[in-house]
Amino acid sequence: MARKKCLVCRKIFEPDKWHPYQKVCFNNECRGTQRILSLQKWRIKNPDYFKQRTDNLDKMQEWRKANPNYYIEYRRAHPELRDKTQKYVREFRKRKREASKQKQNLVDKY
Ligand SMILES: [Zn+2]
């Protein structure tokens, strides 16, 4: 196995058999540094990744501002959706109540 020089601490190390292309030694600090470096490289390669997401968010918020009645109208047009949600919420609360009751039982027992 060829020996390599760690990119971070410059020490010679022997790469893992399963990771022959690894560029840093097994030192935790070097591995952490390598992770940050590769993340930075990835961000330089994908400069718009986070920007695009916030752009979309902005657009959505703008759209909501421009169509403030959309959700109200939507709910009015689909009354069955509200029933579904209410049913779901009721069941969720019931389950939660039962779970806490069971917990209380356990507490009382022990
Ligand atoms: Zn190192």
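Computed from the coordinates by the stated procedures, all read-outs in this text should not be read as laboratory data. Keep in mind it's a predicted model, so treat the numbers as computed, not measured. Every residue, glycine as well, gets a Cβ built from its backbone with ideal geometry; the counts of neighbours run over all protein chains shown.
Descriptive notes on the structure:
- Nearby lysines by direct alpha-carbon distance to Lys109 (threshold 30 angstrom, same-chain neighbours under 8 apart not counted): Lys94, Lys96, Lys101
- Exposure proxy ranking, count of Cβ atoms within 10 Å, fewest first, for Asp16, Asp108: Asp108, Asp16
- Electrostatic dipole magnitude of the chain [Cβ: Lys, Arg +1; Asp, Glu -1; Cα centre; debye, to 20]: 320
- Here Val107 and Arg82 are evaluated by their C-beta separation; at R0 = 35 Å the FRET efficiency comes out at 0.40.
- DSSP-loop chymotrypsin sites (Phe, Trp or Tyr not before Pro) across region 1-44, with at most 13 other Cβ within 10 angstrom: Trp18, Tyr21, Phe26
- Leading residue at positive end of dipole, the chain (Cβ point charges), from Leu37, Ile72, Val8: Val8
- Point-to-point label distance, Ile12-Tyr70, nm (Cα→Cβ direction, 7 Å offset): 6.4
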